[in-house]
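K.L.:
Can you keep this structure in mind? I'll have questions shortly.
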Amino acid sequence: MGREVIKVVESGVIVMFMGQYEHTIDAKGRTIIPAKYREELGEDFVVTRGLDGCLFLYPALEWQKFVDKLQKLPSNQNTRRIQRQFLSKAMEVTLDKQGRILIPGILRESAGLVKEIVFVGMMNRVEVWDKAKLHDEEMAEDAASLDETMDELDISL
């Protein structure tokens with residue numbers, strides 16, 4: 001799929017995850033991190049509950065930027081819900097010598113990860129999806145709706 005990780009050096013390093021890779025997860029919750037993502041994620045990184053039924057993997061620096069944004073939000077019920085969504089299940093994971101991580105059971109369950117999974121590069125993070133769930137999500141996308149959303153966001157190709 002081409003180059004999946006881009007580094008741009010100007011005022012710092014910008015990590016960009018792209019592409020998608022299919023893998024499996026074993027009964028103990030171990031899975032291999034795609035080789036193209038390993039260097040940018042680092043040896044230790046954060047896995048947390050994501051949106052739309054997936055998990056998010058964040059390199060340590062990107063995780064800290066995200067947490068900093070969460071801390072700056074005004075204190076109200078919506079903020080607490082958002083913070084709870086991402087922080088209450090966040091866990092640091094470490095790559096083993098085979099390039100695998102152990103995804104904790106509570107996170108596997110929340111994303112419905114059983115056997116076939118897909119890693120999806122999403123700029124500053126990686127999403128981890130159950131393969132069938134991602135397929136259903138992609139099939140539900142309507143091209144006309146996407147065009148309309150792009151117009152609303154003033155995104156032109």
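K.L.:
How do the strands (runs of 3 or more DSSP E) wholly within segment 78-157 filter down when requiring 1 or more residues that are in contact (Cβ under 8 Å) with a residue 24 or more places away in the chain and of a type in the set (Asp, Glu): which remain?
P.N.:
Numbers: elements: 91-94, 100-102, 116-122, 125-130.
Answer list for segment 78-157: 91-94, 116-122, 125-130.
K.L.:
Continuing with the same structure: Across segment 23-63, which residue is most open to solvent (accessible area, probe 1.4 Å) among those that are within 10 Å of Val93 (Cβ to Cβ) and in a strand (DSSP E or B)?
P.N.:
Asp44
K.L.:
Right, something else. Is it true that Gly99 is at positive phi and in contact with an Asp or Glu (Cβ under 9 Å, 6 or more places away or on another chain)? Please lay out each step first, then the result.
P.N.:
On the way: at positive phi: yes; in contact with an Asp or Glu (Cβ under 9 Å, 6 or more places away or on another chain): no.
Considered against the rule, which asks whether it is at positive phi and in contact with an Asp or Glu (Cβ under 9 Å, 6 or more places away or on another chain), Gly99 comes out as no.
K.L.:
Among (1) out of contact with any strand residue (DSSP E or B) (no Cβ under 9 Å at 6 or more places or on another chain); (2) open to solvent by 90 Å² or more (accessible area, probe 1.4 Å), which single condition is Leu73 missing?
P.N.:
(2)
The values are calculated or read from the model by the stated rules, or taken from the named source; none is laboratory data. Source: prediction; values computed, not measured. When we count neighbours, we look across all protein chains shown, and the Cβ atoms used for this are built from the backbone with ideal geometry, even at glycine. Quick note on the areas: whole protein, heavy atoms, side chains included, nothing else; ligands and nucleic acids left out. Shrake-Rupley method; radii C 1.70, N 1.55, O 1.52, S 1.80 Å.
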